[in-house]
1. Loop only per DSSP, at most 16 neighbouring Cβ atoms within 10 Å: give me the trypsin sites (Lys or Arg not before Pro) in the stretch 78-165, ordered by residue number.
2. Show me, for the stretch 140-147, the HN-Hα J-couplings you get by feeding each phi into the Karplus relation (A = 6.51, B = -1.76, C = 1.60, θ = phi - 60°), rounded to Hz, glycine and proline as x.
3. Would you give the gap between the C-alpha center of the stretch 119-148 and the C-alpha center of the stretch 151-165, rounded to a whole Å?
4. Filter the chymotrypsin sites (Phe, Trp or Tyr not before Pro) in the stretch 97-165 to those in DSSP coil with at most 16 other Cβ atoms within 10 Å of their Cβ, and list the result.
5. Could you tell me which GluC sites (Glu not before Pro) in the stretch 6-105 are loop residues by DSSP with no more than 14 other beta carbons within 10 angstrom of their beta carbon?
6. Using a Förster radius of 35 Å, what is the FRET efficiency between Thr88 and Asp157 based on their Cβ-Cβ separation? Nearest 0.05, please.
7. Anything over 22 Å Cα to Cα? Flag those among Lys44/Lys96; Lys12/Lys63; Lys58/Lys127; Lys12/Lys44; Lys12/Lys58, in the order listed.
Amino acid sequence: MNDAQTPLISIKNLQKYFPIHGGVLYRRIGNVHAVDGVSFDVRKGETIGLVGESGCGKSTLGKALLHLHPPTGGTVEFEGVDLDTIPTQRLRELRKEMQMIFQDPMESLNPRMSVGSILEEPFIIHKGEHAFDTAEKRKTEILRILHEVGLPASAYDKYPHEFSG
Ligand SMILES: Nc1ncnc2c1ncn2[C@@H]1O[C@H](COP(=O)(O)OP(=O)(O)O)[C@@H](O)[C@H]1O
Ligand SMILES: [Mg+2]
């Protein structure tokens with residue numbers, strides 16, 4: 001397969017089971033089959049929608065796909081590379097290219113961090129990969145981003161709870 005044909009992501013028979021404990025000894029008495037045999041490919045530029053009732057396993061699939069949860073079974077390939085076969089350090093680097101954006105802002109944003117510091121964090125984590133190498137340059141860029149998404153500059157110093165959902 002050449003590069004143009006290799007899917008960006010290819011998952012095969014992905015499974016994630018969670019143990020159910022019970023009884024007086026709190027032993028493992030079964031499993032929740034949160035994700036059970038999911039396969040699909042995503043090509044560059046393609047969008048895939050995953051739809052289903054609450055608790056059907058959408059978030060678990062996302063986490064297993066990123067190996068945030070080790071999958072119970074199946075494989076995940078990112079640009080043709082099986083995530084199971086790569087060293088932790090490389091997986092950490094790949095995580096910069098594969099991200100989960102959580103839907104609920106109240107659950108995913110640190111309530112003690114201002115919007116400015118939340119937005120600055122990725123620039124600090126990815127230092128060396130962009131030109132925003134001083135606090136001043138980062139602030140200018142963050143103000144530009146806020147403007148681009150239609151938020152006022154005053155949002156920079158606000159906290160997540162000060163916004164509506
Ligand atoms: N860390 C966990 N431990 C045990 N069970 C879990 C865990 N995370 C999710 N589950 C269970 O897995 C199933 C799928 O959950 P989830 O992936 O969050 O569904 P969705 O995102 O589609 O609402 C649910 O039954 C949920 O209770
Ligand atoms: Mg979910």
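Since every read-out is calculated from the coordinates, none of them should be taken as a lab result. In this text the structure is predicted, and so the values were computed from the model without any measurement. Please note: Cβ atoms are built from the backbone with ideal geometry, for glycine as well, and neighbour counts cover all protein chains shown.
1. On the way: sites: Arg90, Arg92, Arg95, Lys96, Arg112, Lys127, Lys137, Arg138, Lys139, Arg144, Lys158; in loops: Arg95, Lys96, Arg112, Lys127, Lys158.
When the trypsin sites (Lys or Arg not before Pro) of the stretch 78-165 are filtered for loop state and at most 16 Cβ neighbours within 10 Å, Arg95, Lys96, Arg112, Lys127, Lys158 remain.
2. Karplus values, whole Hz, x for Gly and Pro: 4, 5, 5, 5, 5, 5, 4, 4.
3. 17
4. Numbers: sites: Phe102, Phe123, Phe132, Tyr156, Phe163; in loops: Phe102, Phe132, Phe163.
Passing both the DSSP loop test and the Cβ count: Phe102, Phe163.
5. On the way: sites: Glu46, Glu53, Glu77, Glu79, Glu93, Glu97; in loops: Glu46, Glu53, Glu79, Glu97.
Sparse-neighbourhood loop GluC sites (Glu not before Pro): Glu46, Glu53, Glu79, Glu97.
6. Values: r = 37 Å, r/R0 = 1.05.
E(calc), rounded to 0.05, equals 0.40.
7. Values: Lys44/Lys96 16 Å; Lys12/Lys63 15 Å; Lys58/Lys127 32 Å; Lys12/Lys44 18 Å; Lys12/Lys58 16 Å.
Too far apart for the 22 Å limit: Lys58/Lys127.
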